[in-house]
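In what follows, a structure is listed as structure tokens, so that the remarks can point back to it.
Read-outs: derived from the displayed coordinates by stated rules, not from any lab. All values reported here derive from a predicted model rather than from experimental measurement. Cβ coordinates were reconstructed from backbone atoms using ideal geometry, including for glycine residues, and neighbour counts include every protein chain displayed.
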Amino acid sequence: MPRRRDIEQERSALRMLKDVPASEAAPAIALTLADRSAFIVERAAEVAAHHDLKQLTPAVVEAFERLLAAGKEGDPQCAGKLALAKALAAFEYQDPAPFLAGMRYVQFEGWYPLTDTAAGLRGTCALALVQTELKDFEVLKHMVQLLQDRESVVRTAAAQAIAKVGTEASSLLLRLRAQLGSDEPEVLGACYEGVLKIEGTSALDWVHEFLQVEDEPGMEAAMAISATHMVEGFHMLKERYELKERYELKELSEPKELSGSLEDPWFGRGLLSAIALTRRQEATTWLLELVEQRPREAAMAQAALCLSAPSADTLARLEQLGRPCSR
């Protein structure tokens, strides 16, 4: 009776090939890409990507097509297919065919309610499609379809892919999707961030409109502004926070242009975190002033700074103020 395979041991052996020269790893990886076990193929694809073994591209494509046809029985959880798609993306593979196939693929597993385990694969293939030889207009047509996917992770990836195309048409699509609303916060956040990446400073006022509502999409807008690292973005976030604080201190009635609960402490903490993550010196200086001069807000400002990978100088200043970051 043949001895049963120890798949985990084989995977561990393959993992060790990351530590040898690429020329030594290539022959073994070429063989294991054709293995009948998707778990072995998964690890082989990871090593191929690690060593940038572009010469194995035909074998990677063949393995990908084989596992697509194998379904859930041949590749549970889509682990093999996902690793192969990531390898092709890392190789900057130009033929769009495998990525288009991956974008259309669904794989339901488990008991009711069934889970679509191919969502990550569709998202990965969407992002990879942008770098292929396919023309921008064709890429955008496919992404419009994925913006309607049942899984939010795929819709988010589609929005990110549209942003990577980087054209005026891309920005208009993202603006339209965001204006329609009615989606998960992370999807809308990808739209805000994409428009800012394409249009730059000129889009700040548009994203600022979504910052007025104290909800999760509003916080996504704050984080998108923060990610630009623009000084204009810092001032916009600071102004929004100060408006909120003035209301809470009863210095003004609730502004008509704002919506939601202005007394929600979660949103205030989020705004301070977004300000810290702008990584602007102006932002750090202002947050340190809050720690030093405004006891009511000191703890939140300290937490925002401590969670933003602060510099040694900032850490030292917090120590001096008696508000050190926990180790």
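Suppose each label sits 7 Å from its Cα in the direction of the beta carbon; what would the ALA22-VAL106 distance come out to in nanometres?
3.9 nm
Rounded to the nearest 20 Debye, what is the dipole magnitude of segment 18-177 about its Cα centre when Lys and Arg each give +1 and Asp and Glu each give -1 at the C-beta?
480 debye
Per the chain: cysteines with no other Cys C-beta under 4.7 angstrom?
Here CYS78, CYS125, CYS191 come out as lacking a disulfide-compatible partner, given the Cβ-Cβ threshold of under 4.7 Å.
With r as the distance between the Cβ atoms of ARG4 and ALA299 and R0 = 45 Å, compute the FRET efficiency 1/(1 + (r/R0)^6) and round to 0.05.
0.20
Only counting other Cβ atoms within 10 Å, I'd like TRP266, TRP206 sorted with the fewest neighbours first.
Ascending Cβ contact count within 10 Å gives the list TRP266, TRP206.
Net charge within 11 Å of CYS125 by Cβ-Cβ distance, Lys/Arg positive one each and Asp/Glu negative one each, not counting CYS125 itself?
Taking every other residue near CYS125 into account, the sum is +4.
Please arrange ARG11, ARG150 by counting, for each residue, the other beta carbons lying within 10 Å of its beta carbon, fewest first.
ARG150, ARG11
Hey, how many Å between the Cα centroid of segment 152-221 and the Cα centroid of segment 287-327?
Here the two parts' Cα centres lie 31 Å apart.
With everything on Cα atoms, drop me the angle between helix 185-199 and the longest principal axis of the chain, reported from 0 to 90° to the nearest 10.
80 degrees
Quick check: pseudo-label points 7 Å beyond the Cα along Cα→Cβ at GLU232 and LEU180, how many nm apart are they?
Here the answer is 2.8 nm between the modelled labels.
Arranged by the count of other C-beta atoms within 10 angstrom, fewest first, what order do TYR192, TYR112 take?
If I rank by nearby Cβ atoms, fewest first, I get TYR112, TYR192.
Residues of segment 84-126 with the amide nitrogen closer than 19 Å to a label point 7 Å from the Cα of LYS72, along Cα-to-Cβ, please.
102-123, by backbone N distance to the label point.
Once you wrap a convex hull around the alpha carbon atoms of the chain, what is its projected area averaged over all directions, in nm²?
Dividing the Cα hull surface by four gives the mean projection, 21.9 nm².
Find out how many positive minus negative residues lie around GLU193, taking Lys and Arg as positive, Asp and Glu as negative, among other residues whose Cβ is under 11 Å from that of GLU193.
Every neighbour counted, the sum reads -1.
Using only the Cα atoms of segment 1-119, what are the Rg and Dmax in Å?
14.5, 47
In nm, to one decimal, how far is the ASP52 label point from the GLN131 one, both placed 7 Å along Cα→Cβ?
Label at ASP52, label at GLN131, 1.1 nm between them.
Each residue of segment 267-282 in order: what ³J(HN,Hα) in whole Hz does its phi give by Karplus 6.51 cos²θ - 1.76 cosθ + 1.60, θ = phi - 60°, with x for Gly and Pro?
Ordered by residue, 3J(HN,Hα) equals 5, x, 4, x, 4, 5, 5, 4, 4, 4, 6, 5, 6, 8, 4, 4 Hz.
At R0 = 25 Å, how high is the FRET efficiency between VAL213 and ARG279 if r is their beta carbon distance? Nearest 0.05 is fine.
0.45
Sum -39500 (n - 2.57) across every DSSP H segment of at least 4 residues in the chain, then divide by the residue count to get the 222 nm mean residue ellipticity, nearest 500.
After summing the helix terms and dividing by residue count, I get -21000 deg cm²/dmol.
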